[in-house]
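Note sheet for the following structure.
The values are calculated or read from the model by the stated rules, or taken from the named source; none is laboratory data. Predicted, not measured: the structure shown is a model, and the values here were computed from it. Cβ: placed from backbone, ideal geometry, glycine included. Neighbour counts: every protein chain shown.
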Amino acid sequence: MSKLRFVDVCAGAGGLALGLEAAGFDPVLLLDRKRVACDTLRLNRPSWNVLEMDLLDFDPAEHQHTYDVDLLSAGLPRVKSSATVARAETDEELRLLEAAVLLAHSIQPRALLIENVPGLVDSPRFEGVREFIRKELEHLGYRFRWFILNAADFGVPQDRKQGVLVALKQRYFGAFAPPAPTVAEHVPVGRALRRSMGSLGWPGADAWAAQAISVAPTLVGGSENRGGADLGPTGTKKAWERMGVNGGTLGNQVPGPDDSSTGLITITVAQAALLQSFPPDWTFAGKKTARYRQIGHASPPPVGTVLGEAIAAALSS
């Protein structure tokens, strides 16, 4: 059976594309405006066709191999729902969302997948956006469904709720169903990081893992306009502290055999990638903060896989 073809815009570090690849999709084009993200994609998949360009500047007429693909996917910059966030930043994120939907006019994929914040699904703040999307998709002959998934339900050791839009051409829509959870119990941070935390011989690894019994809070990449990498706002840092982790910074390496401190430990960028369920051999380009931001902004690959499988099942019905 030939693989399904997809175009991925705002591809970032490749989390969604990796998941779709595992579900049997082949990328025709991956687009992102950030050089470091494009470098990451090329480092790990030299055969992928990666284009460094802003989605708002992308003209499908100049890339006609993207026409008539099976799927157009977009893990867009996460739209902010807080009134305290700079309006210009939110407006840009909403323009990217609208641009991804408008791209369907030219590309005419059989299916469209957009992943973002849960608020896009049901928040009154985004009612106008949902109405714009409804009109565009119905005009093009798609039927669609909004729903919310939690990555923790699919084996990701993180409480990460994701708002999802799946649209399919009318003839396929009746066969689509949102993916059901794939794990009976969530994977706690201690279990997810036990091996890496003890990899340099830290004697406290088992004790630390035994008390880190919750899934991680949502990893956030933060704004490009902010300072260095940390694990999130105040409430998130308190949740990390309850698991024995300093959420205010990231470490350069895991504790070693001579580390006898009883205070908070720091997790590394590589461990953050494990919490986002990237494969251990996936390499991130850039310096520490840039690497962490790519991870925090990414869609966990296992979620992309179950969504891809659900879409593939509908398209083959």
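Details
Condition check ((1) modelled with pLDDT under 95; (2) assigned by TED's automatic domain parsing to the domain that holds GLU138; (3) surrounded by fewer than 12 Cβ atoms within 10 Å (Cβ to Cβ)) across all residues:
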| residue | (1), (2), (3) |
| --- | --- |
| VAL164 | no, yes, no |
| LEU168 | no, yes, no |
| ARG195 | no, no, no |
| ALA216 | no, no, no |
| VAL220 | yes, no, no |
| GLY227 | yes, no, yes |
| GLY232 | yes, no, no |
| LEU250 | yes, no, no |
| SER260 | yes, no, yes |
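- Filtered residues of the range 54-105 (kept if closer than 21 Å to ILE295 by Cα, modelled with pLDDT of 95 or more and surrounded by fewer than 17 Cβ atoms within 10 Å (Cβ to Cβ)): ASP54
- Flag if GLY75 is farther than 18 Å from GLN108 by Cβ and touching an Asp or Glu at 6+ places or on another chain (Cβ under 6 Å): yes
- Contact annotation: residue pairs with Cβ atoms under 7 Å, 6 or more positions apart or on different chains, pairing a residue in the range 15-44 that is more than 20 Å from ASN116 (Cβ to Cβ) with a partner that is among the hydroxyl-bearing types (Ser, Thr, Tyr) and part of a helix (DSSP H, G or I), are ALA22/THR305; VAL28/THR66; LEU29/THR66.
- For the range 49-66, the set of residues classified as in contact with a helix residue (DSSP H, G or I) (Cβ under 6 Å, 6 or more places away or on another chain) and under 22 Å from LEU315 (Cβ atoms) consists of PRO60, THR66, listed by residue number.
- For LEU307: the one exception among (1) more than 30 Å from GLY204 (Cα to Cα); (2) touching a Pro at 6+ places or on another chain (Cβ under 8 Å); (3) assigned to a loop (DSSP other than H, G, I, E, B): (3)
- Of the listed requirements (1) over 17 Å from PHE25 (Cβ atoms); (2) out of contact with any Ser or Thr (no Cβ under 7 Å at 6 or more places or on another chain); (3) in a helix (DSSP H, G or I), SER261 misses just one: (3).
- Filter result (farther than 18 Å from GLU115 by Cβ and at pLDDT 95 or above) within the range 3-14: ARG5
- Test: residue in the range 280-291 that is surrounded by 24 or more Cβ atoms within 10 Å (Cβ to Cβ), out of contact with any Cys (no Cβ under 7 Å at 6 or more places or on another chain) and in a helix (DSSP H, G or I): no
- Failed item, numbered, when HIS65 is tested on (1) more than 21 Å from the chain's Cα centre (by Cα); (2) farther than 25 Å from LEU168 by Cα: (2)
- Index of the failed condition, TRP208 passing every other in (1) more than 24 Å from the chain's Cα centre (by Cα); (2) surrounded by fewer than 19 Cβ atoms within 10 Å (Cβ to Cβ): (2)
Conditions tested, residue by residue: (1) of a type outside the set (Val, Ile, Thr); (2) closer than 30 Å to PRO178 by Cβ; (3) in contact with a helix residue (DSSP H, G or I) (Cβ under 9 Å, 6 or more places away or on another chain).
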{"residue": "LEU231", "(1), (2), (3)": "yes, yes, yes"}
{"residue": "LYS237", "(1), (2), (3)": "yes, no, no"}
{"residue": "VAL245", "(1), (2), (3)": "no, no, yes"}
{"residue": "GLY251", "(1), (2), (3)": "yes, no, yes"}
{"residue": "GLY296", "(1), (2), (3)": "yes, yes, yes"}
